[in-house]
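Notes follow once the structure below has been shown.
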Amino acid sequence: MTDKLNVGEVLKPQGIRGELKVKPFTDDAEVFRAFSQVFVGDVLYKVLSVRTGGGAVFLGLKGVADRNAAELLRGKQLYILREDAPAPAEGRYYIADLLGCTIVTAEGEELGRLTDVRQAATDIYTVRMGEREVMFPAADGVITAVDPEGGTITVDKKRFYEVAVL
């Protein structure tokens with residue numbers, strides 16, 4: 001497990017006072033209000049202000065005093081320490097904990113390794129199966145069990161092959 005979690009991406013400066021417009025990678029943008037510090041790339045910043053609106057988060061960070069300083073952070077990823085993250089609700093997991101898990105069928109057949117999760121109304125998982133990458137939605141009935149500690153995600157084989165993009 002990783003010690004940092006990716007929670008967003010800096011889209012652009014907002015205004016002239018160094019505020020950042022951030023695309024959140026969290027289920028709820030309001031969770032940013034609980035963060036007292038964030039990493040932008042590898043640099044740790046204290047969070048001074050947070051506001052949300054229109055699906056975005058607007059952050060004021062100590063040391064980012066004007067638009068020029070904010071412009072230098074455009075396109076960078078935002079991280080928080082795992083210990084600062086709220087515990088996920090039951091049946092929910094951090095993407096960082098799922099990446100690298102082995103995708104197996106209920107019968108124990110190993111299909112491949114999870115390499116990417118694209119967030120959408122229904123998350124799209126990418127699994128490396130031999131030399132090719134296969135995408136499938138994390139839809140009802142496809143994933144039957146998730147065990148990040150054991151490193152496995154169990155899928156219903158029939159349903160998987162019905163929805164997978166091979």
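A short reminder: the numbers here are calculations on the coordinates, not readings from a lab. If you're wondering where the values come from, they're calculated on a predicted model, not measured in any experiment. As a convention, Cβ positions derive from the backbone with ideal geometry for all residues, glycine included, and neighbour counts pool all protein chains shown.
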With N set to the residue count of the chain, report its C-alpha Rg divided by 2.2 N^0.38 Å to two decimal places. 1.20
Could you work out the Kirkwood radius for the stretch 95-163, taking every pair of different alpha carbons, averaging 1/r and inverting it, reported in Å? 11.8 Å
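How high is the relative contact order of the chain, in percent, with contacts defined as C-alpha pairs under 8 Å that are six or more residues apart?
On the way: 327 pairs, mean separation 30.7, N = 166.
After rounding, I find 19 percent.
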Each label sits 7 Å from Cα toward the beta-carbon; between S36 and R92 the label points are separated, in nm, by 2.3 nm
Could you give the distance between the Cα centres of the stretch 55-70 and the stretch 116-159, to the whole Å? 36 Å
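Given a Förster radius of 22 Å and the C-beta distance between L166 and V117 as r, what FRET efficiency does 1/(1 + (r/R0)^6) yield to the nearest 0.05? Before the final figure, lay out each step's value.
Details: r = 19 Å, r/R0 = 0.84.
My answer for the efficiency is 0.75.
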Given q = 0.27 Å⁻¹, what are the Debye log10 I(q)/I(0) values for the stretch 18-63, with equal point scatterers placed on the Cα positions and solvent ignored? -1.07
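At a Förster distance of 30 Å, what's the computed FRET efficiency of L11 paired with D147, Cβ-Cβ distance as r, to 0.05?
Working: r = 35 Å, r/R0 = 1.16.
My answer for the efficiency is 0.30.
With an 8 Å Cα cut-off and a minimum separation of 6 or more residues, compute the relative contact order for the stretch 4-84 in percent. Display every interim value, and only then the final one.
On the way: 180 pairs, mean separation 35.1, N = 81.
With pairs under 8 Å counted, the relative contact order is 43 percent.
Dipole of the stretch 95-163, Cα-centred, from +1 at each Lys and Arg C-beta and -1 at each Asp and Glu C-beta, to the nearest 20 debye?
Working: 7 positive and 13 negative charges, 41 e Å.
So the magnitude is around 200 debye.
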Sorting R113, R33 on the 10 Å Cβ count, fewest up front, what's the list? R33, R113
I need the calculated FRET efficiency for the pair F25 and L72, taking r as the beta carbon distance and R₀ as 22 Å, to the nearest 0.05. 0.55
Virtual paramagnetic centre 7 Å along Cα→Cβ of D84, amide N under 13 Å, in the stretch 1-29: 4-8
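What is the magnitude of the charge dipole of the stretch 1-150 about its Cα centre, with +1 placed on the Cβ of each Lys and Arg, -1 on the Cβ of each Asp and Glu, and no other charges, expressed in debye to the nearest 20? List each step's numbers first, then the result.
On the way: 18 positive and 23 negative charges, 233 e Å.
Here the size comes out at about 1120 debye.
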Give me the Debye-computed log₁₀ of I(q)/I(0) at q = 0.13, 0.14 Å⁻¹ for the stretch 4-84, equal point scatterers on Cα only, no solvent, two decimals. -0.31, -0.36
Stretched out fully, how many nm does the piece from M129 to E107 gain, at 0.36 nm a residue minus the Cα gap? 6.2 nm
Under the rule of -39500 (n - 2.57) per DSSP H run of 4 or more residues, summed and divided by the residues of the chain, what mean residue ellipticity at 222 nm is obtained, to the nearest 500 deg cm²/dmol? -2000 deg cm²/dmol
